[in-house]
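Quick notes on the structure that follows.
The values are calculated or read from the model by the stated rules, or taken from the named source; none is laboratory data. Predicted, not measured: the structure shown is a model, and the values here were computed from it. Don't worry about glycine lacking a Cβ; one is built from the backbone with ideal geometry, like all the others, and counts go over all protein chains shown. Calculation scope for accessible area: heavy atoms of the full protein, side chains included, ligands and nucleic acids excluded. Shrake-Rupley method; radii C 1.70, N 1.55, O 1.52, S 1.80 Å.
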Amino acid sequence: MKKSTLALAVSVGVMATQAGAAGFLEDSKATLSSRTMYFENDIRDGVRAADQRETAEGLLFNFISGYTPGTVGFGLDVQGIYGIHLGGGIDHHTAATSNTFFPTDTDGSSVDSWSRLGANAKVKLSKTELKVGNALQPNLPILVSNDGRLLPQTFQGATLQSKEIDNFTFNVGKITQGASRASSNYAGLATAGGTKGSNNFTFAGVDYKVTKDLTLQAYHSELEDYYKQNFFGLVHILPIADDQSFKTDLRYFDSSSDGANGDATHRFNNNGGYAKHAGEVDNKTWSAMFTYTLGGHALMLGHQDVSDDGGMVWISNGNVADGRGRGDGEGGSSFYLFTDSMINQFARAGETTNFGQYSYDFARLGVPGLKAAFAYLKGSNIKATSGASVGDSSEWERDMRIDYVFQDGPLKGFGATLRRANYRGDFKGTTGQNTRIADQDQTRLIFNYTYAFK
């Protein structure tokens, strides 16, 4: 943990003790979560040099304090993560191979274990809460913490949330660094392809609950020397009957270049696709999702359109060097669109994607805790990267998952998840016109359990 963050956390802890521990301790919660995960990525293009079969155990400790009494309340959240390698790795590892599941040594073998410690100091006044630290896990349209592997991605900085005005939630913040889901280290922020980290991501936005069924969103964010981004969203739920509803979810992103973006160290690789201006951000993306729910059934259908000038952009620091080599477990990110699927993102220039998902909650059949979901995405019209590959490319992905959580007995709270994805496409990336994005199959088997201290 950064010394400055540790010092701040200690100071807040001292203030909290001096102010009185009633709310600080009595309203606190502490949990220890265990996640055991088997991760398999099977390359289907004949040459399986990068096939991966790996198993690890992740432990996540969270202490969430209450607030000290008084007009201004002080609190402290502490997070500790520890990853243990159980076996496996990536076949034929090279210096260019990146492992986003577990950190590796210089020879490509996974390290035995890794850890990270973080904390957020927090202050609350009325309905306004400030958090400062390096264990932030935002879930906002313009920044989403990734939790798709063993342990979660966290960020360093400050966030402010205010609900002083009825039906309005304001979010403001500045993020300076991020620690990826398989890394002990904090690094600067960038986009895919950027090798120089930025320490200045700022954002401001509002969620307005017009009615209990309608929410409007508007956000602006800037990653210095990479991009500026505006987001507008609408979520509406139409109740049809007691056990029936129709949900509309509309999302629009408008992104443009900022500062040094496009320079050798601040390039955006446009997700391996076409760019009107090489290395620069220039994109508009809209997405519409409609979900019909009836009892335990939910059917979602949607469409997404990425503009022709460049790919959809989001924070991704997997290429950031800043004195570090590969093997640190950097990489892996999330963004606020349904097409952020298990293997692919469907976010290249010109790409139009139709997608759907069917899910069922088996509690309706007397098996509470059992759920299943099946999704299919088909992207087409991907813009050619050069004249050597004129014509539209396409790609598709099929995702399936089954979740079960024991509801009672000695295993109460223990959960198991099986996820399976298949990706196929004919898209050729910018690494070479004869280099096609690899067809691949991916499997994740996950066991989760959380113990709450009392």
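Treating only the Cβ atoms of Lys and Arg (+1) and Asp and Glu (-1) as charged, compute the dipole magnitude of the chain about its Cα centre; round to the nearest 20 debye.
660 debye
With all protein chains present, how much of the accessible area of the range 217-288 (probe radius 1.4 Å) comes from carbon and sulfur, to the nearest whole percent?
Details: 1690 of 3250 Å².
So the carbon and sulfur contribution to the accessible surface is 52 percent.
For a quick check: with amide H placed at 1.01 Å from N, whose amide H comes under 5 Å from Phe268's, ignoring anything fewer than 5 positions away on the same chain?
Those lying under 5 Å, H to H, from Phe268 are Gly262, Gly279, Glu280.
What accessible area per residue, rounded to a whole number of Å², is obtained for the chain using a probe radius of 1.4 Å?
I get 45 Å² per residue for the chain.
Mind listing the long-range amide H neighbours of Phe427? Cut-off is under 5 Å, sequence gap 5 or more, other chains count too, H placed in the peptide plane at 1.01 Å from N.
The answer is Ser394, Ile437.
For a protection proxy built on the mean count of beta-carbon atoms within 10 angstrom, sort 194-200, 442-448 highest first, please.
Descending packing order for the listed peptides: 194-200, 442-448.
FRET efficiency for Leu370 and Leu117, Cβ-Cβ distance as r, R0 = 45 Å, nearest 0.05?
Using R0 = 45 Å, I get an efficiency of 0.80.
In whole Hz, what ³J(HN,Hα) sequence does the range 419-424 give by Karplus (6.51, -1.76, 1.60; θ = phi - 60°), x for Gly and Pro?
Whole-Hz 3J(HN,Hα) from phi for the range 419-424: 10, 9, 9, 10, 10, 9.
Please give the peptides 265-273, 145-153, 310-318 ranked by average Cβ packing (other Cβ atoms within 10 Å per residue), highest first, as a rough proxy for protection.
Listed from highest to lowest mean packing, they are 310-318, 265-273, 145-153.
Give the residues of the range 148-168 whose amide nitrogen is closer than 14 Å to a point set 7 Å from the Cα of Leu125 in the direction of its Cβ.
Only 160-164 fall inside the zone, counting backbone N under 14 Å.
Could you give me the ³J(HN,Hα) list for the range 52-66, computed from phi with Karplus coefficients 6.51, -1.76, 1.60 and θ = phi - 60°, whole Hz, x at Gly and Pro?
Each residue's phi maps through the Karplus curve to give 10, 9, 8, 10, 8, 10, x, 10, 10, 9, 10, 10, 10, 7, x Hz.
Could you compute the FRET efficiency for Ser380 and Leu294, with r as their C-beta to C-beta distance and R0 at 25 Å, rounded to 0.05?
It comes out at approximately 0.25.
In the chain, if the dipole is taken from +1 on Lys/Arg beta carbons and -1 on Asp/Glu beta carbons about the Cα centre, which of Leu223, Val144, Ala190 is farthest to the positive end?
It is Val144, whose Cα lies furthest towards the positive end.
Give the shape of the range 103-168 as rounded, prolate or oblate, defined through the alpha-carbon gyration tensor: a ≥ b ≥ c are the square roots of its eigenvalues, a/c under 1.5 means rounded, and otherwise the shape is prolate if a/b is larger than b/c and oblate if not.
prolate
Add -39500 (n - 2.57) for each DSSP H run of 4 or more in the chain, then divide by its residues: what number comes out at 222 nm, to the nearest 500 deg cm²/dmol?
On the way: 2 runs with 22 residues, N = 454.
Dividing the helical sum by the residues of the chain leaves -1500 deg cm²/dmol.
Treating only the Cβ atoms of Lys and Arg (+1) and Asp and Glu (-1) as charged, compute the dipole magnitude of the range 115-256 about its Cα centre; round to the nearest 20 debye.
500 debye
What is the distance, in nm, between label points placed 7 Å from the Cα along the Cα-to-Cβ direction at Ala278 and at Lys174?
3.6 nm
Could you tell me the calculated FRET efficiency between Lys163 and Ala452, based on Cβ-Cβ distance and R0 = 30 angstrom, to the nearest 0.05? Write out the running numbers ahead of the final one.
Numbers: r = 26 Å, r/R0 = 0.88.
Efficiency for this residue pair is about 0.70.
For a quick check: with amide H placed at 1.01 Å from N, whose amide H comes under 5 Å from Ser28's, ignoring anything fewer than 5 positions away on the same chain?
It is Gly66, by chain and number.
Apply the Karplus parameterisation 6.51 cos²θ - 1.76 cosθ + 1.60, with θ equal to phi minus 60°, to every residue of the range 228-241 and state each ³J(HN,Hα) to the nearest whole Hz, in sequence, with x for glycine and proline.
10, 9, 10, 10, 9, x, 9, 10, 10, 10, 9, x, 9, 8
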